[in-house]
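A short worksheet on the structure shown next.
Values in this text are rule-based calculations from the coordinates and carry no lab data. Everything quoted here is computed from the prediction, not taken from an experiment. Cβ placement follows ideal geometry from the backbone for every residue including glycine, while neighbour counts extend to all protein chains displayed.
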Amino acid sequence: MEYKMKVDEPSLSMDNYELILQPCLELVCGMLNINLDTHTDCPIDLADFGACEGHTFLPFLKLVIEHIRRSSKSREIVVTLNDQHTNDFNALSRNIKAFQGEMNDPLLRICIIPGNLYRQCLPNSSIDLGICSFVTHWLSGPINLEKHLLYIPGETEKEAEVKRTSAQDWMDFLIARSMEMREGSVFLVNAPFGGSEAWSIISDEFYQLHARNMISKEDMRNTNIPLNTFRTEAEFRAPFEDSTQELGLQLLHISRRPVKLYENRNIVSGIKPWMYYSLVTGLGKTRKAQEVQEICDIYFRNLEHHFSDWKSIDFIIFDVMFQKL
Ligand SMILES: C[S@@+](CC[C@H](N)C(=O)[O-])C[C@H]1O[C@@H](n2cnc3c(N)ncnc32)[C@H](O)[C@@H]1O
């Protein structure tokens, strides 16, 4: 199987847990309390979508389990971790084993369900608390952005197509979760917003490879990173305002906070793992693996130069919480 992140750097460090999920602990545990008193004879089911290797979710899960155990010592806790089929599930599995060893909780079960989160992945009515952090900015499929590697509002061709796909993806995500969530259950989505200055550098440097005849027009067309880090608050809200009844979901909370990603780290080592797979896939359509590797090496070396004096990348994080009616 081809894994998506074949690079030395781990894709995400524990720092991201502190930045991304820890600030939501109170919000999540507050909502979970309401559910802890119902169906006390059944297991409590938690799920994380797009878990990657679990580095962000597992430290958060530890605190959530400690919270549950303060009021319920004897309830079984079942945790399902999802990611797409290309994920390195061996790494996730190793991290789960270490986590279970650390927790030493005989009533804790953890399972993995690979699958595309824009479709239903878990059984009907099987989630009490769902989490999805830093995933929904990945679109369901690539869009040819011509001279751009990533979508930047106002600069990228095919803006309308990106917006349409992005809106449909958010709707598909909510429809799938609505099937999987139990009545009264809650779900938290964290999503990044911004990054246009960094995305411009990343795109321009790729275009420079073409200007220097290292890659062809066809390579440019074939290669893009299917991200939209510019979904607005209105776009997050829209499905709840237009189709709450149909979806069976109610928006409980939406807020935004600034974060500095990759602070005190080499920026290119931080961004390379999630960019790499898209580059290899795009360039690999017409080139042999070794050639692709050489182009990527040059490209990332050039990026190192551009980001050498950057201390971090500024983003906004949207925290979006909704409930199954
Ligand atoms: C930036 S990582 C975030 C990982 C983790 N949730 C966190 O907060 O650190 C994005 C993850 O989303 C996964 N992902 C992207 N699109 C997906 C899809 N359609 N279905 C399931 N997982 C997906 C990727 O494979 C990757 O592991």
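Of N144, Q84, F187, which is farthest towards the positive pole of the chain's charge dipole, taken about the Cα centre with +1 and -1 on the beta-carbons of Lys, Arg and Asp, Glu respectively?
Most positive-ward Cα: Q84.
What shape does segment 21-156 have by the C-alpha gyration tensor, where a ≥ b ≥ c are the square roots of the eigenvalues, rounded means a/c under 1.5, and otherwise prolate means a/b greater than b/c and oblate the rest?
Since a/c reaches 1.5 and a/b is larger than b/c, the shape of segment 21-156 is classed as prolate.
State to the nearest 20 debye the size of the charge dipole of segment 174-266 about its Cα centre, where the only charges are +1 on K and R beta carbons and -1 on D and E beta carbons.
That gives segment 174-266 a dipole magnitude of about 280 debye.
Cut-off under 12 Å on the C-alpha distance; same-chain residues fewer than 8 positions from K324 excluded. Which aspartates and glutamates are left, in chain and number order?
D128, E180, E183, E246
Given the options T281, T40, T80, which has the most mean-square fluctuation in a GNM of the chain, springs set between C-alpha atoms less than 10 angstrom apart?
T40
Magnitude of the Cβ-charge dipole of the chain, K/R +1 and D/E -1, about the Cα centre, nearest 20 debye?
360 debye
Hey, got the dipole for segment 132-180? About the Cα centre, +1 on K and R Cβ, -1 on D and E Cβ, debye to the nearest 20?
The calculation lands at about 60 debye.
Out of C132, C52, C296, any idea which swings most in a Gaussian network model of the chain, alpha carbons joined below 10 Å?
C296
In deg cm²/dmol and to the nearest 500, what is the mean residue ellipticity at 222 nm of the chain if only DSSP H runs of at least 4 residues count, each as -39500 (n - 2.57), divided by the residue total?
About -14000 deg cm²/dmol.
Rank the residues M275, M181 as a footprinting-exposure proxy: fewest other Cβ atoms within 10 Å of their Cβ go first.
Result, fewest neighbours first: M275, M181.
Taking amide H positions as placed 1.01 Å from N in the peptide plane, with prolines and chain starts having none, which residues 5 or more places from L252, or on another chain, fall under 5 Å of its amide H?
It is M321, F322, Q323, by chain and number.
Rounded to the nearest 5, what % of DSSP beta bridges with both residues in the chain are antiparallel?
50 percent
Report, in listed order, any pair from K217/K288; K97/K260; K62/K272 with a Cα-Cα distance greater than 21 Å.
K97/K260; K62/K272
Using alpha carbons only, how many angstrom separate the centre of segment 22-68 from the centre of segment 141-213?
One Cα centre to the other: 27 Å.
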